[in-house]
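Down below is the structure, laid out as structure tokens.
The values are calculated or read from the model by the stated rules, or taken from the named source; none is laboratory data. No experiment lies behind these values; they were computed from the predicted model shown. Please note: Cβ atoms are built from the backbone with ideal geometry, for glycine as well, and neighbour counts cover all protein chains shown.
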Number of protein chains: 2
Amino acid sequence: MSTLRRVRGRFCTFVAIALLCGGLLHTVRASAQAPSLPSWNDGPAKQAINAFVKEVTDESSLKYVDPEDRIATFDQDGTLWVEHPLYTQAVFALDRVHELALQHPEWNHQEPFKAVLANDASAMAWFSESDWETIVAATHAGMSTDAFREIAKQWLARANHPRFHRPYTDLVYQPMLEVLEFLRANKFKTYIVTGGGQEFVRVYSERVYGIPPEHVVGSSILTKYEYQEGKPVLMREPKVFFIDDFTGKAIGINLFIGKRPCAAFGNSRGDQQMLEWTQGAGGAKLMMLVLHDDPEREYAYGPADGLPDTKVGTFPDSLMAEANGRGWVVISMKKDWKRIFGF
Amino acid sequence: MSTLRRVRGRFCTFVAIALLCGGLLHTVRASAQAPSLPSWNDGPAKQAINAFVKEVTDESSLKYVDPEDRIATFDQDGTLWVEHPLYTQAVFALDRVHELALQHPEWNHQEPFKAVLANDASAMAWFSESDWETIVAATHAGMSTDAFREIAKQWLARANHPRFHRPYTDLVYQPMLEVLEFLRANKFKTYIVTGGGQEFVRVYSERVYGIPPEHVVGSSILTKYEYQEGKPVLMREPKVFFIDDFTGKAIGINLFIGKRPCAAFGNSRGDQQMLEWTQGAGGAKLMMLVLHDDPEREYAYGPADGLPDTKVGTFPDSLMAEANGRGWVVISMKKDWKRIFGF
């Protein structure tokens with residue numbers, strides 16, 4: 001911490017002098033800026049981040065990138081916050097099923113709701129994509145966008161993680177928050193590109209990650225423009241509009257941002273195409289994958305690297321092979337991170 | 001011009017002093033900033049813009065808006081640039097039909113292509129939405145996103161407007177460029193929200209309007225992730241994905257930006273819901289519609305206000321009635337604008 005403070009102090013003096021000198025400002029800005037990455041151990045991952053930022057911000061470098069093209073994209077679940085034992089938004093959906101069941105007595109005899117209401121974990125583990133779509137349609141649609149945001153906000157304020165006994169929004173990875181800040185300090189625009197619901201993540205993205213709603217790209221359902229008491233509302237319809245996962249992440253980046261990222265961070269097979277798409281154009285590029293290999297402080301799952309297999313945030317051997325083949329950097333939570341959480 | 005220069009000079013001195021004073025900076029920033037609106041005549045439209053900006057940037061005002069929530073959305077065709085006698089992108093599509101006809105001899109006997117190839121203006125005037133979809137599918141799909149951008153760029157570099165004999169990207173309204181700049185100088189994020197093609201507009205939005213690709217919301221077709229020679233490409237498919245017009249403009253704003261605008265600018269019935277959606281939430285709001293009532297310097301069409309009727313950029317009486325009823329400000333090109341173009 002004292003190092004960080006010292007660096008920050010120097011930086012402030014630096015800026016003050018630069019502003020007074022006027023003409024020098026441009027050159028001064030060219031080098032990578034604090035804050036550094038205090039929660040990262042020295043090692044190949046930290047070095048890769050520092051080297052990349054140095055390269056794209058150094059005007060004398062062949063790989064210099066103009067500030068307006070400094071785009072970095074981050075998967076959320078398992079990359080920025082905890083996704084085990086279950087994606088946070090899936091927990092939200094299951095909680096909503098319990099809450100709404102009073103108005104739906106038929107759910108007691110109707111799958112997939114029956115399994116949810118019976119807390120039948122083994123049945124839920126085998127839910128198909130269509131089961132989840134049914135649950136999302138029943139729990140995420142039928143209200144206005146404003147009403148949905150309020151529902152999500154209230155749930156996030158009261159729900160706790162079963163192992164860490166803290167609000168889900170506390171369970172963000174401190175080292176990744178530092179990467180977000182470090183990139184933004186170097187004039188990057190940081191985006192979330194998540195398979196999760198865009199409207200759900202936008203509720204807390206600014207507060208938790210410093211990422212404004214307009215920088216959240218995610219999955220969405222259809223909305224319909226209607227008038228209620230003379231005022232326009234957007235009603236959420238029980239129909240999928242866009243799935244921002246796998247190839248959808250590259251498609252979503254092109255659709256919502258319209259520029260190729262310089263850097264992309266993920267942790268599972270759903271992030272493969274986002275990293276490929278990032279690397280696919282020329283210039284300085286940084287592709288990173290978080291490997292959950294720390295069962296003591298967080299979780300351990302792969303099945304890459306012989307870690308336990310999982311259906312939530314799968315990191316298969318094929319992804320590890322691609323990472324190695326293409327020069328993507330794998331972040332070991334155990335080795336690369338001094339601490340996992342900010343608390 | 002000399003006034004503008006004087007104002008700018010004062011502004012620079014102002015900023016320099018403010019930076020040296022440090023602590024004063026915050027207060028100083030609170031008031032509306034230059035540049036002003038030199039191509040606007042004094043009148044209710046110019047006053048409305050100035051009053052709105054003053055209100056949202058004055059920290060002592062009840063209607064003060066935090067910089068991160070200062071969002072302004074602009075329709076493009078007929079609001080930022082000329083749309084008569086035909087939308088620029090429609091001209092592009094028709095030109096592409098002529099270019100591609102050599103590879104499609106069957107088009108000579110097949111509508112809607114036959115009418116295009118015969119330059120049958122009266123038949124084209126009656127093209128249905130489905131005719132246009134067929135033309136867009138044939139001319140805007142079947143290539144990668146990168147290839148499409150290059151095609152659009154090259155066309156824009158060589159095509160000229162039939163009346164003004166200049167590149168289409170010259171035909172932007174100088175007074176509106178000044179509004180964009182004025183808002184950005186006051187920390188607004190300016191977005192284009194167009195019924196036109198998102199990918200098409202992104203080709204020139206930064207250069208022409210100072211609006212980066214990520215701030216362009218528009219209509220789009222499906223894209224598909226594929227590999228070509230080991231590299232990922234996004235192939236444009238001949239299928240509509242999203243129509244950003246009418247209710248689609250409100251839906252698009254929520255989808256792509258996730259925040260309600262404080263200000264919205266349009267000129268036709270396709271902008272109705274964007275203005276309603278903007279006004280629908282509390283706070284300081286500015287809704288404006290450009291009325292094309294200047295046949296000498298540009299065009300005259302409505303049919304509102306007894307102007308000639310048109311199928312391109314229709315401003316119906318019902319929209320004028322809604323504007324009057326809801327306090328939207330109508331900009332008269334003839335009365336409010338000192339000059340139309342920058343050339």
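The table below lists the values:
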{"read-out": "Checklist (1) farther than 30 Å from residue B:36 by Cα; (2) part of a helix (DSSP H, G or I); (3) not charged (D, E, K, R) applied to residue B:85, failing item", "value": "(2)"}
{"read-out": "Test: residue in region A:86-104 that is farther than 30 Å from residue A:46 by Cβ, β-branched (Val, Ile, Thr), modelled with pLDDT of 95 or more and touching a Pro at 6+ places or on another chain (Cβ under 9 Å)", "value": "yes"}
{"read-out": "Residue, nearest to the other protein chains (Cβ to nearest Cβ), within region A:182-203, restricted to residues that are assigned to a helix (DSSP H, G or I) and within 14 Å of residue A:263 (Cα to Cα)", "value": "A:184"}
{"read-out": "Unique match (being in contact with an Asp or Glu (Cβ under 7 Å, 6 or more places away or on another chain) and either at pLDDT 95 or above or of a type in the set (Ser, Thr, Tyr) (or both)) among B:192, B:221", "value": "B:221"}
{"read-out": "Residue match in region A:204-226 (condition: of a type in the set (A, V, I, L, M, F, W, C), out of contact with any strand residue (DSSP E or B) (no Cβ under 8 Å at 6 or more places or on another chain) and not in a strand (DSSP E or B))", "value": "no"}
{"read-out": "When residues of region A:229-254 are limited to those that are in a strand (DSSP E or B) and more than 10 Å from every other protein chain (Cβ to nearest Cβ), the one surrounded by the most Cβ atoms within 10 Å (Cβ to Cβ)", "value": "A:236"}
{"read-out": "Matching option when the condition is surrounded by fewer than 20 Cβ atoms within 10 Å (Cβ to Cβ) and at the interface with chain A (Cβ under 8 Å from one of its Cβ atoms), among B:280, B:258", "value": "B:280"}
{"read-out": "Cβ-Cβ under 6 Å pairs, at least 6 apart or on other chains, region B:53-77 side on the phi > 0 side of the Ramachandran plot, far side at pLDDT 95 or above", "value": "none"}
{"read-out": "Matching residues in region A:304-316 - criterion: being farther than 24 Å from residue A:164 by Cβ and either in a strand (DSSP E or B) or touching a Gly at 6+ places or on another chain (Cβ under 8 Å) (or both)", "value": "A:316"}
{"read-out": "Members of region A:211-228 that are within 8 Å of another protein chain (Cβ to nearest Cβ) and either hydrophobic (A, V, I, L, M, F, W, C) or under 17 Å from the mean Cα position of the chain (by Cα) (or both)", "value": "A:212, A:213, A:214, A:216, A:220"}
{"read-out": "Count of region A:207-228 residues which are over 16 Å from residue B:257 (Cα atoms) and surrounded by 22 or more Cβ atoms within 10 Å (Cβ to Cβ)", "value": "1"}
{"read-out": "Selection status of residue B:164, part of a loop (DSSP other than H, G, I, E, B) and touching a residue at least 40 places away in the same chain (Cβ under 8 Å)", "value": "yes"}
{"read-out": "Scope region A:257-300; condition closer than 18 Å to residue A:180 by Cβ, part of a helix (DSSP H, G or I) and out of contact with any Asp or Glu (no Cβ under 6 Å at 6 or more places or on another chain); matching residues", "value": "A:274, A:275, A:278"}
{"read-out": "Cross-chain or 6+ apart pairs with Cβ under 9 Å, region B:229-243 first and within 29 Å of residue A:326 (Cβ to Cβ), then surrounded by 15 or more Cβ atoms within 10 Å (Cβ to Cβ) and acidic (Asp, Glu)", "value": "B:231/A:276; B:232/A:276; B:236/B:199"}
{"read-out": "Pairs with Cβ under 6 Å, 6+ apart, first in region A:177-199 and surrounded by fewer than 22 Cβ atoms within 10 Å (Cβ to Cβ), second of a type in the set (Gly, Ala, Ser) and modelled with pLDDT under 95", "value": "A:186/A:32"}
{"read-out": "Verdict on residue A:275 being buried (at least 21 other Cβ atoms within 10 Å of the Cβ), of a type in the set (A, V, I, L, M, F, W, C) and either in contact with a His (Cβ under 6 Å, 6 or more places away or on another chain) or more than 13 Å from chain B (Cβ to nearest Cβ) (or both)", "value": "no"}
